[in-house]
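The values are calculated or read from the model by the stated rules, or taken from the named source; none is laboratory data. Bear in mind the structure is a predicted one, so any value in this text is a computation, not a measurement. Glycine gets a Cβ as well: all are built from the backbone with ideal geometry, and neighbour counts include every protein chain shown. We work out accessible area using only protein heavy atoms, side chains counted, and drop any ligands, DNA or RNA first. Shrake-Rupley method; radii C 1.70, N 1.55, O 1.52, S 1.80 Å.
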Amino acid sequence: MLQYEMVTLTEKQVVGLKIRTGNADPACSDKIGGLWERFMATDAYRERMQKDPDTPCYGLYTGYGWDDGSYDALVAYESETCPEGFAAVTIPAGEYAKFHFHGDIREVPMRAWAEIWSMPLPRAYGVDFEEYRNYADGSADIDIYMGMADICQSCGMPMVKPADRGTEADGTESHTYCTYCYQNGAFTYDATMEEQIEHNLNCAPEFYSDRERAREQMREYFPTLKRWKK
């Protein structure tokens with residue numbers, strides 16, 4: 001399995017060229033490849049963005065569609081301004097799984113994403129991106145960042161979709177607790193930590209081939225969650 005580290009990023013804006021595609025699109029690879037060719041084929045884009053040739057560039061994926069698996073693909077530079085004809089995307093602050101590679105800029109990302117997508121990570125489906133540095137002769141240092149979802153601080157469930165989130169007393173989304181545990185600023189049920197663990201085990205028994213091992217792992221993990229910290 002690929003190795004990664006968890007990193008905390010601050011917010012930043014990137015600006016570049018954008019298209020809409022998706023993994024189910026037969027022309028997906030050609031569209032993204034064509035986007036890179038348009039971006040890199042001329043110095044005009046870099047000059048308009050006032051960037052040096054060795055400035056890191058980014059490949060972003062965002063605007064994920066839950067119904068058809070589509071997303072926006074963007075090839076960009078970091079920039080605080082957005083010239084006419086370009087698109088701007090904000091990479092949100094938060095937790096990301098960071099994978100590091102070095103190699104061919106055409107082959108490495110495709111192979112890496114195929115494996116990353118298969119990993120059981122709690123993705124946020126907000127912004128995922130590649131950062132390319134030290135480009136030379138078709139190779140580069142390539143860092144891939146996958147945004148991680150907020151984890152419910154009561155039951156440990158990843159909150160991937162807006163509908164997964166609970167609500168505060170004023171009706172806004174909770175970034176702390178899921179919809180099953182928290183509504184209108186209050187917990188939906190009273191429970192001890194042990195009762196919450198048993199609830200988790202009984203809600204999805206198919207996930208736990210060894211219930212006792214799972215129970216012990218939860219007993220170690222749950223005290224790190226906000227609701228159960230002492």
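The lone criterion from (1) touching a residue at least 40 places away in the same chain (Cβ under 8 Å); (2) open to solvent by less than 30 Å² (accessible area, probe 1.4 Å); (3) more than 12 Å from the chain's Cα centre (by Cα) left unmet by Val108 is number (1).
Would you tally the residues in the stretch 17-30 being closer than 20 Å to Gly147 by Cα and in contact with a strand residue (DSSP E or B) (Cβ under 8 Å, 6 or more places away or on another chain)? Going through the stretch 17-30 one residue at a time, the tally reaches 4. Determine whether the stretch 200-209 contains at least one residue that is over 18 Å from Gly94 (Cβ atoms), of a type in the set (Ser, Thr, Tyr) and surrounded by 11 or more Cβ atoms within 10 Å (Cβ to Cβ). The answer is yes; a qualifying residue exists.
Restricting attention to the stretch 120-135, which residues are open to solvent by 20 Å² or more (accessible area, probe 1.4 Å) and over 20 Å from Cys152 (Cα atoms)? Give the steps one after another, and end with the answer.
Filtering the stretch 120-135 for residues open to solvent by 20 Å² or more (accessible area, probe 1.4 Å) gives 120-126, 131-135.
Listed by number, the residues that qualify are Glu131, Tyr132, Arg133, Asn134, Tyr135.
Which condition breaks for Thr172 when tested against (1) of a type in the set (Ser, Thr, Tyr); (2) open to solvent by 70 Å² or more (accessible area, probe 1.4 Å); (3) without any contact (Cβ under 8 Å) to a residue 40 or more places away in the chain? The one condition Thr172 does not meet is (2).
Out of Thr188, Thr167, I need the residue that is more than 19 Å from the chain's Cα centre (by Cα), open to solvent by 50 Å² or more (accessible area, probe 1.4 Å) and without any contact (Cβ under 8 Å) to a residue 24 or more places away in the chain. Which one?
On the way: Thr167 fails: open to solvent by 50 Å² or more (accessible area, probe 1.4 Å).
Every option except Thr188 fails the conditions.
When the helices (runs of 4 or more DSSP H) confined to the stretch 1-116 are screened for residues that are at pLDDT 90 or above and of a type outside the set (Ser, Thr, Tyr), those reaching at least 2 such residues are found at 28-40, 107-116. Here Ile197, Ile142 are screened, and the one residue that is open to solvent by less than 40 Å² (accessible area, probe 1.4 Å) and within 30 Å of Thr55 (Cα to Cα) is Ile142.
Set side by side, the residues Glu107, Glu130, Glu173 differ, and just one is among the acidic types (Asp, Glu), closer than 23 Å to Lys18 by Cα and touching a helix residue (DSSP H, G or I) at 6+ places or on another chain (Cβ under 8 Å), which is Glu130.
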